[in-house]
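Shown next, in structure tokens, is the structure this report addresses.
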Amino acid sequence: MAIEPLAQPDMLSDHIYLFHEGNLHHSYRMLGAHPETRDHRQGFRFTVWAPNAVEVGLALDRNGWQGEKEPLYKIPESGFWSRFFPGIEEGTLYKFRILTENGTEILKADPYAFEAEVRPQTASITSSLEGYKWNDGAWRRKQRSMYNKPLHIYEMHLGTWKRKDDGSLYSYREMADLLVPYLLEMKYTHVEMMPLSEHPYDLSWGYQNTGFYAPTSRYGQPKDLMYLVDTLHQAGIGVLLDWVPAHFAKDEHGLRLFDGTPLFEYADPMLAEKPGWGTLSFDYSKPEVRSFLISNALYWMEMYHFDGLRVDAVTSMLRLDFEKEPGQYRTNDEGGLENKEAVSFLQQLNTTVFEYYPYALMMAEESSAWPMVTMPVDKGGLGFNYKWNMGWMNDTLDYMESDFHERASKHHLLTFPVVYSFSENYVLPLSHDEVVHGKKSLLNKMPGSYEQKFAGMRAFLGYFMTFPGKKLLFMGGEFGQFIEWKDEDQLDWFLLDYDSHRSLHKFERELSELYVREKALWELDHSFDGYEWITPDDQGQSVISYVRKGKKPADTLLVLINFQPVKRERYRIGVMRPGMYTEILNSDHSDYGGSGIVNDMLIPTEKIPFHGHANSLEVDLPPLSIVILKKNTRRKTEPIAEGSASVKSKKKTEKITEKKENSKSKPKRGTKA
């Protein structure tokens, strides 16, 4: 192929300036490989940032990967190399051949490639993202803030959710046909996909990337991923992506020493190395790295219509000593352990994302007590709108794994999280990290007999869904995956052939339905106005009860949870609003695999002062159960859902109601239907 002169600038001067200022927010429109037509000839323009390279060439499968035969032109005083190559078609394999300052030749994948080969191959692939016809306009137009809306996220790993009979992976398009009906059936509002950026090692789960702009080819091509997101949106399901700006893989074809020098990573090994993970940290002090990463965040939202990002490993970015021994890190210029450059980057990231997408979800996986993670940047915060509540998760799982005789001494693990639950905008994460590496599955964390594990799991899920904060559940938890996540095989869907797992699955579905419907569980999620203790101090019986409130008093729910395998009869709680109460959920119902101890009647309050209130009521608490009550606002009870197990006795209850009203006598508790 003859070398063509550079007929026109491949990057405008203002693009170059903004890139070097850290403010080229859509750098993927200029860098990488882009189809063009010049002088009536079709081809691709290739542009790469390699400021310390002596030469850069295009290495192709068709030229034997001899990149010196196809040189790129250096744009003076910019650090960029660029050239238009006529005749190159979509689907062409390529890398950049880079001659370093010390005379070494290296082959690198394109940092901005839109597509890459399936592992173990490592070449980039020319690809056009234009031409997909989106049909999710209605979904995108209705986007609003999620603070006072239900947010129930199903976290999943595409490669191990389900597989074909021969063990092969479903494609993005095939997954749409399986996933959408399932999420609709289970009433999840959003799905969060573990990282989809190209990665060489399956067991990194996508958290050690090499192709930040290339959706992994394990499941198909870029437009196939667009189809999956589009289909989910058309079904009314939001789509989130795990995003990894904290580090990258050291593989030779990746970003490490990209032009022969530490270009994307810190030059100082004490700052660059993440020894526990065998990866390298990005150098957040470089404006060009900021342009690369912030553009990448926007890229997934613009080109693939993701509704937001869960930002991985934020603590590792903020702390210079994260998982490092003395001598492996250095302090900042003030002697502190904060990475000030990372703080500034995260603030710039969130500010920029919300400028373009005001209703995006930006969630921080931040495991320390770093303050103001979800505070706006102009008030000194990091600017996320949600943070994973790792404290709640650790305390709660510690409690739930405890033997029953230990729970009284650990009661504070249930009460203390409430103290800080409104200090940030929280998501409660029951994520993949809690069901791998010997930690056991959620179900198998529960103590006791086989039946008690399921009862405890139902009570735990009920606690999870009624505690303040948005919700995230990792795949398999909804039906009781019994062994921990197998990251090389699909979930054990055959368990749904067994009554216990099938009943748990039904409970999770109806619990999710109740969550979405009951405003008290999400309308005031981030304010003490939405929560009130009833009994925080009954550690002797391992019972807690509390009130969840919406904006209207009629939406108020009473939640009682018994964490012991002992029935608590006629358990009394004080209530603010006198009247008749209905049990709208009981995890011990036989339809859920429980023993069938339910309160299948209207429950009247009595003028007996209790818990600081003039009125109180009594309710039976089954062993290891959650019971949710709601005050009747009509003459007849309102079911939680048509056909739900909690309203099997609806007709009998209504007959009792009518009989009580007709008798015009004071209702007495205890009249069974």
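Just so it is clear, none of the values below were taken in a lab; they were calculated from the coordinates. Computed from a predicted model, the values in this text were never measured in an experiment. Reconstructed Cβ throughout: ideal geometry from the backbone, glycine too, with neighbour counts over all protein chains shown.
Per-residue ellipticity at 222 nm computed for the chain from its helices equals -7500 deg cm²/dmol, with DSSP H segments shorter than 4 residues left out and the rest contributing -39,500 (n - 2.57).
Between the C-alpha center of region 501-517 and that of region 598-618 there is a gap of 27 Å. With both residues required to sit in the chain, DSSP beta bridges show an antiparallel share near 70%. Taking Cα centre as origin and charging only the Cβ of basic (Lys, Arg, +1) and acidic (Asp, Glu, -1) residues, the dipole magnitude of the chain rounds to 4080 debye.
Region 148-223 and region 74-89 have Cα centres lying 35 Å from one another. Taking a ≥ b ≥ c as the square roots of the eigenvalues of the alpha carbon gyration tensor, region 13-125 is rounded, as a/c is under 1.5. With r defined as the distance between the Cβ atoms of ILE483 and ASN394 and R0 fixed at 22 Å, what FRET efficiency is calculated, to the nearest 0.05? Step by step, r from the Cβ atoms, then E = 0.50. Between ALA138 and ASP14, the simple label model (points 7 Å from Cα in the Cβ direction) yields a spacing of 3.9 nm. Figure legend: label point modelled 7 angstrom from the Cα of LYS149 along Cα→Cβ; residues of region 525-543 with amide N under 15 Å from it are 525. Of the peptides 439-448, 43-52, 99-108, the ranking by mean beta-carbon count within 10 Å, highest at the top, reads 43-52, 439-448, 99-108. Compute the Cα gyration tensor for region 262-314, then decide on rounded, prolate or oblate, letting a ≥ b ≥ c be the square roots of its eigenvalues: rounded whenever a/c is under 1.5, prolate when a/b is larger than b/c in the other cases, and oblate in all that remain. Taking the square roots of the gyration eigenvalues as a ≥ b ≥ c, region 262-314 is oblate. When +1 charges are put on Lys and Arg Cβ atoms and -1 charges on Asp and Glu Cβ atoms, the dipole computed for region 13-125 relative to its Cα centre reaches about 140 debye. Between HIS611 and ALA235, the C-beta separation translates, for a Förster distance of 60 Å, into a calculated FRET efficiency of about 0.85.
With a simple spin-label model that places each label point 7 Å from the Cα along the Cα-to-Cβ direction, the separation between THR104 and LEU337 comes to 3.4 nm. For SER449 and GLU252, a Förster radius of 45 Å and the Cβ-Cβ distance give a FRET efficiency of 0.25, rounded to the nearest 0.05.
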